[in-house]
Amino acid sequence: MNTPAQQAGARQATRFLLLYALAWAGSAIAYVPFLTVLLPLRVTDMAGSADVRVLGYLTFGGAIFASVANIAFGWLSDRTGNRRIWVATGLVGTIALLLAVQLAESAIMLLGLLLVWQVFLNMMMGPLSAWAGDCVPDSQKGVLGGLMAFAPAAGAVTSALITMPGLAGPDGRLWLVAGIVAACVLPVLIAGRPKPFPELMSDTLGGPAEAVDSTKPVKRMWAARLAVQISEAALFAYLLYWFRSIDEGMTDADIARTFAFVLAAAVPLALLSGRWADRAGRPIMPLAISALMATVGLMFMSLAQGLLFALAGYILFGLATTVFLSLHSSQTLRVLPRARHRGRDLGIFNLTNTVPSLIVPWLTIAVVPAFGYPVLMAILAGLTLVASLLLASTSRALRR
């Protein structure tokens, strides 16, 4: 059984999908260069030898504020019925606070600015993610997910661009990021005129999911994403250390190039996978397959004795998880049962992005000193395998 929109073959305008994907990439550009490059450099200049401890406090506090703000502003955009105004206000605040970082003269001031910046960033991102659920029909959610794969690549490319020698100083880099973010997000706010889909605003979950308890797919999707995000966060934080445990000659530049290659190569894979999912009517299956491929990659990494085998395992893992996270973001919109709580519920899903940063350090401390990185990789492989099994069962349930 299909929704009325699907029966009529209704489709959202490609122009809006492209503008939305550009805005989503802009949201990634708003935080990736800042959190991974600009903020750590600012903290080092300010705190000196205490930079690791200060950055830890900033990261922890930022994760808490981001989690709460994403849920709160998703809920507020549900209540007001206007996503655009919240995205616009969040954009203005995000840019203003980003530029204000150059005024911080102490770690306390920097912490305060970072926390307020996280509030505005999630004021923009929470309603923006829910906006797609309001106006992109299920028949295009795979393509939407593929387009969203450009976001992490855009963040990485921007990080590389703004740190080019001689391009700009520390304060100039903040202005560059602010300008790029505005250029990406403003077009959808000004010119984005999506076709309305009243069916998507219904509080009754349509399609095959009516045959199952509507909360089960949501819980499985949430748990699967959390499992994959823990694995991804662990690799993101400790990748250089792991590679150097395999080959001491591995440099941070080598890691950066490998990471950039993975993000770039994942974009066409995500687009193809999403398009196949739309045409085949199997929206969850690419997620299950991607999680399984991540498991294989992690097992390669666990068993790796040389650099080539280790690189092959990481590239497979990186490609699989990038495709997974992009498609999962769009397909989550399919299983949420209540349109009037869409923004709030997506905020709860966003916890899968922030909670891993609280789990991974303790997991790594408990495992690596006693058992080494191979055991950590095996544990992470177990998590992604659980995610694959959860999603495979969800896929079967939704097709009944």
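Mind checking whether some residue in segment 216-223 is β-branched (Val, Ile, Thr), within 25 Å of residue 378 (Cβ to Cβ) and touching a helix residue (DSSP H, G or I) at 6+ places or on another chain (Cβ under 6 Å)? No, segment 216-223 contains no residue that is β-branched (Val, Ile, Thr), within 25 Å of residue 378 (Cβ to Cβ) and touching a helix residue (DSSP H, G or I) at 6+ places or on another chain (Cβ under 6 Å).
Being farther than 22 Å from residue 355 by Cα, free of Cβ contacts under 8 Å to residues at least 40 places away in the same chain, assigned by TED's automatic domain parsing to the domain that holds residue 328 and more than 17 Å from the chain's Cα centre (by Cα) holds for only one residue in 250, 293, 285, 299, and it is 293. Among the residues that make up segment 112-123, is at least one of them within 29 Å of residue 42 (Cα to Cα), among the small types (Gly, Ala, Ser) and without any contact (Cβ under 8 Å) to a residue 12 or more places away in the chain? Yes, that holds for at least one residue. Among residues of segment 191-218 being modelled with pLDDT of 80 or more and of a type in the set (A, V, I, L, M, F, W, C), the one that is farthest from residue 132 (Cα to Cα) is 218. You will find that of 358, 346, the residue that is of a type in the set (A, V, I, L, M, F, W, C) and touching a Gly at 6+ places or on another chain (Cβ under 8 Å) is 346 and no other. Of the residues making up segment 365-384, just one is more than 19 Å from residue 310 (Cα to Cα) and either touching a residue at least 24 places away in the same chain (Cβ under 8 Å) or outside the structural domain of residue 289 (by TED's automatic domain parsing) (or both), namely 383.
Output the residue which, of all residues in segment 354-400 that are polar (S, T, N, Q) and farther than 13 Å from residue 294 by Cα, is farthest from the chain's Cα centre (by Cα).
Filtering segment 354-400 for residues that are polar (S, T, N, Q) and farther than 13 Å from residue 294 by Cα, the one farthest from the chain's Cα centre (by Cα) comes out as 393.
Residues in segment 76-97 that are in contact (Cβ under 8 Å) with a residue 60 or more places away in the chain and surrounded by fewer than 16 Cβ atoms within 10 Å (Cβ to Cβ): 1 in all.
Screening residue 335 with (1) closer than 19 Å to residue 245 by Cβ; (2) in contact (Cβ under 8 Å) with a residue 12 or more places away in the chain; (3) among the aliphatic types (A, V, I, L, M) gives one miss only, at (1). Considering only residues in segment 91-131 that are closer than 29 Å to residue 336 by Cβ and of a type in the set (Ser, Thr, Tyr), the one that is modelled with the lowest pLDDT turns out to be 129.
The values are calculated or read from the model by the stated rules, or taken from the named source; none is laboratory data. Note that the structure is a prediction, hence the values are computed from the model and not measured. Every residue, glycine among them, receives a Cβ derived from its backbone with ideal geometry; neighbour counts consider all protein chains shown.
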